[in-house]
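The values are calculated or read from the model by the stated rules, or taken from the named source; none is laboratory data. Predicted, not measured: the structure shown is a model, and the values here were computed from it. FYI the Cβ positions are ideal-geometry reconstructions off the backbone, even for glycines, and counts take in every protein chain you see.
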Amino acid sequence: MKIFYVPTSIKIIAVIMSTIGLFACNSEKITEPDGKLDSCTLRFSWWGGDDRHSATLKAIELWEKIHPEIKIEPEYGGWDGWTEKINTQVAGNTAPDVMQINYDWLVTLSSDGKGFYDLDKLTDYIDLSGYSDEILSFGKSQNCLNAITVSMSGRGFFYNSDVYKKLGISYPKTWNELITSGNKFESEDVYPFDLDTQSGATAWYLCVVYIQQTTGKQFLTMDGKLGFNEEDIKSALDFYVTLEQNHIIRTVKERSDEDGNDALYQSPSFINGKVAGVFEWGSTIGKYESLLENAKLEAGPYLSNDSGNKNGWMTKPSLLYAISADTKYPDEAAEFINFLLNDTDCAEIFGTTRGIPANKKIYDFLESKNELSGISYDSSEMLSDANPITVSPYMELSKMKEYYNNAIDSVSYHTATTEEAAAKMYDSITRYLRKINET
Amino acid sequence: MKPKNRKYNNPVGQSRFTGLLLISPFIVGFMLFSFFPLSASFFLGMNDCGISRSEYVGMKNYIDLLTDNDDFLQAIIVTLKYTIILVPLKLIVSLGVAVLLNREVHWIGTYRTILYIPSILGSNLAVAVMWRYLFTSDGLVNQFLAILGLSPVGWYSGSISAMSIIVLLRLWEFGSTMIIFLAAIQKIPLELYDAASVDGCGRIRKFFNITLPQLKGVIFFNAVIQTISALQEFNAPFMITGGGPLKSTYTTAMYIYDAAFSEWNVGVANAASWILFAMSALIISLIFVVRRKTEERSK
């Protein structure tokens, strides 16, 4: 009965440490595929807008008709807070069996290649013949196939065509045309487009494109090395200031005053046409389109310099499918992913709600059915002429976006010169990348 | 005396296990939901801990946070500033309203209920969202200013105005503090006021010489509760300003959230939580010291 008396502090610490060890680390128990499909319920999570949600729910209905023994439990919502939710689930070993994942999660959740299920073990189920080696490489971590790219997407301009027509202004084709158009927009109290310093960090992305085109350098390499020096970052911030000064975009202050922390697509200025365009990934432009009831968005050209150089624009896997490393049903999850990626009926239901498919076979199928259309497709076609650079997954990390946004905010609010902001940003990014590359 | 020889004379039996059995729900709950998470948090704070990695680094996270992390230090300053502004204001407003509501007038119960409603809504996120829309460029507040012939205010772009929005929201939720004050005021013996009236004291003198000294304990209690709550502020700045502009409303709790769930830097987040705890403990201790000093002086 001694156990009821106070145990030694060392014993307590030992118990705590061992229990923390159990909770702090991911389980190493991997369920191996058994070569057959059992009756089970799989959890499938994704984020997106209403168009994606309804298409996916219809696809699940179709799946359950084909495989009534494998039920799918959907978990879906908007992008805000989704990363935090999945991070928590993965850390707690309660992640859904099948997940739609973002590109940078391969760095944050599976830097050792073990954060997601090794899909190379499941190639009996998943047909990868429609994917090029390059596309497949985007889903690899430490040479381990962790995820499969669903679609590639570029960040381009989408304009409110009604406003442009009303003002008699054509979409700019070069940076100079863009800058000089500011005067005309200013006289009408309209902005050609807008950028933001929220989770998308669009302001910094556009500045990076400009500097990449001007210098031929890549901001960040695929393995997380900084390609820009301090001077390049300063030039990027100078370019941002030029955009504000020439009435191309609103200042951070103007944006904040309007609606605080709201996303650009929900802001009154975008909805009523005062902001006549956005700079956004083709795969997510649907949420902007759906809010413009009385106007139409059109994809605009990717800007070049005066000699026609269109380099520097960026593309990335807009989203990928992965299987949880803790799944008890790897065979069934793989079969479901194969359905999502390769089934033509499913592809017809999805259309372009997840962007333009990266699977060549499905792309050809949808093209033959004239299902590939819309502004996301138009933008994607225009981007293919621009020789785009694939975005490094490190560029998408939330901490990196915080550094970009801090620098943009400080130059916009004039609390720092572009030199000071560039020095701070360069120092912060260099230190952060060094740290994550060490671990 | 050896424990096995002890006699337990309790109403539910002689066995010494009975008592333990009866308090076991609390013990188990405390161990699972308080002791274990707190201990785990402390030890995780000494690890460089991500989703797929965990390495013991000793006090490095704590030292880095306090010496080499501008964002965290700024978050602490913002949190302290917010607490220093909000707590005294809230105590003054709650006490003032409690004194007003202590009068014998018609419909007093209704007034008390109406003024308490914002506190019931409390930290409801819907209230924070509503608050955000009140202060947008064409929100209700700016429309009201326009009616008065005043120019609209850019509430979200100034560090002072953005902080004011959050302070105002929390100030609006003064009901709980006010109810505690009201209950305490009603317990003050009326004889004291009668005696003061006989001595010719006016209302203001009665308030400062009778009401306030009698409420010392309750003021202290409310100050402690409100300080703890302000130091942990998260919902309002997260929902209303997102920490902006230029991180002027970015609180320590927001830093902890970002470190833990956005960057999955669990070690740093836990270390930051313990620093916040230590800071809270220090401030509360200071309030205790001030109280003791004032009590000693009044003796």
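Given the structure, is residue B:78 more than 24 Å from residue B:219 (Cβ to Cβ) and either among the hydrophobic types (A, V, I, L, M, F, W, C) or crowded, with 16+ Cβ neighbours inside 10 Å (or both)? Yes.
Scoring residue B:64 on the criteria (1) buried (at least 16 other Cβ atoms within 10 Å of the Cβ); (2) part of a helix (DSSP H, G or I) leaves a single failure, condition (1).
Do we have any residue at all in the range B:81-91 that's within 14 Å of another protein chain (Cβ to nearest Cβ), more than 30 Å from residue A:272 (Cα to Cα) and surrounded by 14 or more Cβ atoms within 10 Å (Cβ to Cβ)?
no
For the range B:183-206, the set of residues classified as surrounded by fewer than 15 Cβ atoms within 10 Å (Cβ to Cβ) and in contact (Cβ under 8 Å) with a residue 40 or more places away in the chain consists of B:186 only.
For (1) more than 20 Å from residue A:213 (Cα to Cα); (2) touching a helix residue (DSSP H, G or I) at 6+ places or on another chain (Cβ under 6 Å); (3) in a loop (DSSP other than H, G, I, E, B), each residue gets a yes or a no:
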{"site": "A:289", "(1), (2), (3)": "yes, no, no"}
{"site": "A:295", "(1), (2), (3)": "yes, yes, yes"}
{"site": "A:298", "(1), (2), (3)": "yes, yes, no"}
{"site": "A:307", "(1), (2), (3)": "no, no, yes"}
{"site": "A:312", "(1), (2), (3)": "no, yes, yes"}
{"site": "A:316", "(1), (2), (3)": "no, no, no"}
{"site": "A:319", "(1), (2), (3)": "yes, no, no"}
{"site": "A:323", "(1), (2), (3)": "yes, yes, no"}
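Within the range B:239-246, not a single residue is in contact (Cβ under 8 Å) with a residue 40 or more places away in the chain, more than 8 Å from every other protein chain (Cβ to nearest Cβ) and out of contact with any Lys or Arg (no Cβ under 9 Å at 6 or more places or on another chain). A single member of A:405, A:370, A:359 is within 30 Å of residue A:341 (Cβ to Cβ) and at pLDDT 90 or above, and it is A:359. Which of the residues belonging to the range A:407-418 are at the interface with another protein chain (Cβ under 9 Å from one of its Cβ atoms) and surrounded by fewer than 20 Cβ atoms within 10 Å (Cβ to Cβ)? Those that are at the interface with another protein chain (Cβ under 9 Å from one of its Cβ atoms) and surrounded by fewer than 20 Cβ atoms within 10 Å (Cβ to Cβ): A:413, A:415. Helices (runs of 4 or more DSSP H) fully within the range A:154-242 that include at least 3 residues being within 25 Å of residue A:402 (Cα to Cα) and in contact (Cβ under 8 Å) with a residue 40 or more places away in the chain: A:202-215.
Let's see how each residue does on (1) touching a Gly at 6+ places or on another chain (Cβ under 9 Å); (2) away from chain B (no Cβ under 14 Å):
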{"site": "A:96", "(1), (2)": "no, yes"}
{"site": "A:106", "(1), (2)": "yes, no"}
{"site": "A:111", "(1), (2)": "yes, no"}
{"site": "A:121", "(1), (2)": "no, yes"}
{"site": "A:143", "(1), (2)": "yes, yes"}
{"site": "A:146", "(1), (2)": "yes, no"}
{"site": "A:176", "(1), (2)": "no, yes"}
{"site": "A:185", "(1), (2)": "no, yes"}
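Within the range A:387-404, residues that are assigned to a strand (DSSP E or B) have Cβ atoms under 6 Å from residues that are modelled with pLDDT of 90 or more and of a type in the set (A, V, I, L, M, F, W, C) in these pairs: A:389/A:314, counting only partners at least 6 apart in sequence or on another chain. So for the range A:10-24 (the condition being modelled with pLDDT under 85 and either charged (D, E, K, R) or in a loop (DSSP other than H, G, I, E, B) (or both)), does at least one residue qualify? Yes. The sole residue among A:262, A:257 that is closer than 30 Å to residue A:166 by Cβ, within 14 Å of another protein chain (Cβ to nearest Cβ), outside any helix (DSSP H, G or I) and not aliphatic (A, V, I, L, M) is A:262. Can you confirm whether residue B:187 is within 30 Å of residue B:292 (Cβ to Cβ) and modelled with pLDDT under 95? Yes, satisfied. Just one of the listed residues (A:235, A:187, A:199) is in the same structural domain as residue A:161 (by TED's automatic domain parsing) and closer than 28 Å to residue A:140 by Cβ, and it is A:199. If you go through the range A:398-423 and keep only what is within 28 Å of residue A:79 (Cβ to Cβ) and not polar (S, T, N, Q), you end up with A:399, A:400, A:401, A:402, A:403, A:404, A:407, A:408, A:409, A:411, A:413, A:421. The residue list B:102, B:124, B:142 contains one member that is of a type in the set (S, T, N, Q), in contact with a Phe, Trp or Tyr (Cβ under 8 Å, 6 or more places away or on another chain) and surrounded by 12 or more Cβ atoms within 10 Å (Cβ to Cβ), which is B:142.
Conditions tested, residue by residue: (1) touching a helix residue (DSSP H, G or I) at 6+ places or on another chain (Cβ under 9 Å); (2) within 14 Å of chain B (Cβ to nearest Cβ).
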position	(1), (2)
A:166	no, no
A:173	no, no
A:209	no, no
A:236	yes, no
A:274	yes, yes
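Residue count for the range A:26-67 under the criterion of being over 27 Å from the mean Cα position of the chain (by Cα), assigned to a loop (DSSP other than H, G, I, E, B), farther than 29 Å from residue A:111 by Cβ and not charged (D, E, K, R): the result is 4.
Okay, residues lined up against (1) closer than 27 Å to residue B:239 by Cβ; (2) of a type in the set (Ser, Thr, Tyr); (3) out of contact with any helix residue (DSSP H, G or I) (no Cβ under 9 Å at 6 or more places or on another chain):
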| site | (1), (2), (3) |
| --- | --- |
| A:240 | no, yes, no |
| A:248 | no, no, no |
| A:253 | yes, no, no |
| A:266 | yes, no, no |
| A:270 | yes, no, no |
